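Below is one structure, written out as structure tokens; comments come after it.
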Amino acid sequence: MRHEKPVQEVWLGREFKDHAKDLSIIVTEFLEAFTHLVIYKLRIFPAEKFQLSSFYGLLTQECTDPETSSYIHKASRSLRKWVLHQNLERYTVALVDNLATSIAEYQVRFYQPEIAMKRKVFEFPKEAVEVNKQFKEVLRDFMDQVQPVKTDKSVSLRIYCKLAAGTVLESKYGEHDWEEVWPTPSEIPPTLDSGPSVDTKLLQLHFQYRKVEAGDEFYEDPDEIDLSLDSYI
């Protein structure tokens, strides 16, 4: 009796590489630049605490205060793995006073489209250029959107993230430890102004912001985690 050998299918075309890691680096580099720009435009530090920086050819500002710079950098290192596994749903840069009253908030919302994001793209470098192009436009837009904060209170920078349900919190070396925060029953979601959007084959983001009126409470969502500075800016 003749036994036929099993047939093995072989793909002869170009291999598709999973570029999710490369994309996560691009996104977190942008969020770091975005955070530095926001605190620069809010004028909570004197101008001499900043230096010129470049984000893919766009001149922007970077805070040189050691504590604040380290805080932002360590936060971005944490974000990388959440972007990689598509666990990050919202990123918020906020100024709060010592009573946890919010002075200003700037949010980035990550959306999952109906069709899954293309993690494997034939021409990733070309698509990455488009992502960075739109990121640069967002930074240009926020150079005009973000207005200085006028307050005589001591304020601190806080970074909040909302993660997908079931995300495991695990800090690695060089990352900050994140703290879970929970809302009180009296808190309601704030109304934010709509900002620019990023819409590409690789990812979709939408930006929102608000200048908070005196006495407003900072809204904290369930399943949101909080990374905060111990000292005030």
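The values are calculated or read from the model by the stated rules, or taken from the named source; none is laboratory data. If you're wondering where the values come from, they're calculated on a predicted model, not measured in any experiment. So basically every Cβ, Gly included, is an ideal-geometry build from the backbone, and we count neighbours across all protein chains shown.
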Next on the checklist: Can you say whether Ser156 is polar (S, T, N, Q), modelled with pLDDT of 70 or more, crowded, with 17+ Cβ neighbours inside 10 Å and part of a strand (DSSP E or B), as far as the supplied structure shows?
Outcome noted: yes
Next on the checklist: I'm trying to understand the selection: among the residues of region 122-148, which are modelled with pLDDT under 80, assigned to a helix (DSSP H, G or I) and charged (D, E, K, R)?
Outcome noted: Lys126, Glu127
Next on the checklist: Among the residues of region 71-85, are any crowded, with 16+ Cβ neighbours inside 10 Å, over 11 Å from Glu32 (Cα atoms) and in contact with a strand residue (DSSP E or B) (Cβ under 6 Å, 6 or more places away or on another chain)?
Outcome noted: yes
Checklist outcome for this item: Residues of region 65-89 being part of a strand (DSSP E or B) and in contact with a Cys (Cβ under 7 Å, 6 or more places away or on another chain), in sequence order, are Leu88
Item to check | Tally, over region 36-64, of residues that are part of a strand (DSSP E or B) and within 16 Å of Ala94 (Cβ to Cβ) | outcome: 1
Item to check | Output for region 30-56, where each listed residue is within 24 Å of Val96 (Cβ to Cβ) and aliphatic (A, V, I, L, M) | outcome: Leu31, Ala33, Leu37, Val38, Ile39, Leu42, Ile44, Ala47
